[in-house]
1. Taking the Cα centre of the chain as origin and charging only Cβ (+1 Lys, Arg; -1 Asp, Glu), how large is the dipole, in debye to the nearest 20?
2. Of A231, L4, F145, which is farthest along the charge dipole of the chain in the positive direction, counting Lys and Arg as +1 and Asp and Glu as -1 at C-beta?
3. Report ³J(HN,Hα) in whole Hz for each residue of region 75-80, in order, from the Karplus equation J = 6.51 cos²θ - 1.76 cosθ + 1.60 where θ = phi - 60°; Gly and Pro get x.
4. Taking only the alpha carbons of region 201-265, what extent do you get along each of the three principal axes, in Å, biggest first?
5. Take every Cα-Cα pair in the chain and report what % of them are more than 24 Å apart.
6. What residues have an amide H closer than 5 Å to that of H119, excluding those fewer than 5 places away on the same chain, when H is modeled at 1.01 Å from N in the peptide plane?
7. Whole-Hz Karplus ³J(HN,Hα) for region 245-257, in order, using 6.51 cos²θ - 1.76 cosθ + 1.60 and θ = phi - 60°, x for Gly and Pro?
8. Which of the residue pairs K10/K80; K26/K116; K157/K262; K148/K262; K148/K194; K80/K116 have a Cα-Cα distance greater than 18 Å in the structure shown?
Amino acid sequence: MEGLIFDIKKYSVNDGPGIRTTVFFKGCPLRCWWCHNPESQEYKVQTIEVSHKLEEKVYSQQKNVGKYIETDDILSDLMKDAVFYEESDGGVTFSGGEPCMQVDFLVELANKCKKKNIHTILDTCGYASISVFSALLPMIDLFLFDLKLIDNNLHLKYTGCSNEVITANLKFLSQHKANIIIRIPVIPGITDTKRNMDAIAYMLEDLPNRVQEVHLLPYHKIGVNKYNRLAKQNPLQDIESMKKEDTIQLGDFIETKGFKVKIGG
Ligand code: SF4
């Protein structure tokens, strides 16, 4: 089976433990204002214009974003780095976009990875039907689960989707003793408010099983140029990147609730 992928990044060290290969799925149901991968959002191949400067002259060229790839082709690529995964306790991370949007492809690929003893991580926004997470439970070793905003009106405003499905899926995974790391994008004035952090901490304390860790991801501007190339408006274009130090207080607060916190992915 083939799926729509927009990138495959080797030797990644920020998408879970050890040395990993991150497979970026194209298509996402959310439209977060702070998304630094806007090219991941549409579930279709897109053409963008990229420019290169050579001796003061600027050259432009068209480039396709997104490619259909067979699970077997991805697997054979992954197997080339099996020795790195073994040595570092790494593996493969399915990211995006939202991998659950291509659930049949994801299930087939994750199954093939498990048969080869490759450690699997799903980096997810949590927005999919519960049956999708039920199908994935046996073949995903660790879920990197994004939590953004607990107030549903704010979630709708800043992501375009309700968070009810997301929080229900988090509870479902916790009930089934899945390994979970929570990732919170720290966006100035949007997700970093005391009210939101209190509500997130309360929700995490209320889960039937403790999450392994909480990761705070400070906002950064790396996706800004991508918005221009896609002719999309960037709602946060005037907001500056945050430094790790800016999130230390939030991290301290979450730690007082008994959670292990890491700043950055
Ligand atoms: S869930 Fe992730 S990929 Fe999807 S729009 Fe939000 S930030 Fe972008």
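Derivation of every value follows stated rules applied to the coordinates shown; laboratory data play no part. No experiment lies behind these values; they were computed from the predicted model shown. Virtual Cβ from ideal backbone geometry, glycine too; neighbours counted across all protein chains shown.
1. Details: 32 positive and 35 negative charges, 44 e Å.
Dipole of the chain, to the nearest 20 debye: 220 debye.
2. Farthest towards the positive pole: A231.
3. Taking θ as phi minus 60°, the curve returns 4, 5, 5, 4, 5, 5 Hz for region 75-80.
4. Extents along the principal axes, in whole Å: 44, 26, 17.
5. On the way: 17512 of 34980 pairs.
Taking all Cα-Cα pairs of the chain, the fraction more than 24 Å apart is 50 percent.
6. For H119, whose amide H was placed from the backbone, the distant partners under 5 Å are V92.
7. 4, 5, 9, 4, 4, 5, x, 4, 4, 5, 5, 5, 8
8. On the way: K10/K80 11 Å; K26/K116 25 Å; K157/K262 27 Å; K148/K262 16 Å; K148/K194 13 Å; K80/K116 12 Å.
Result: K26/K116; K157/K262 exceed 18 Å.
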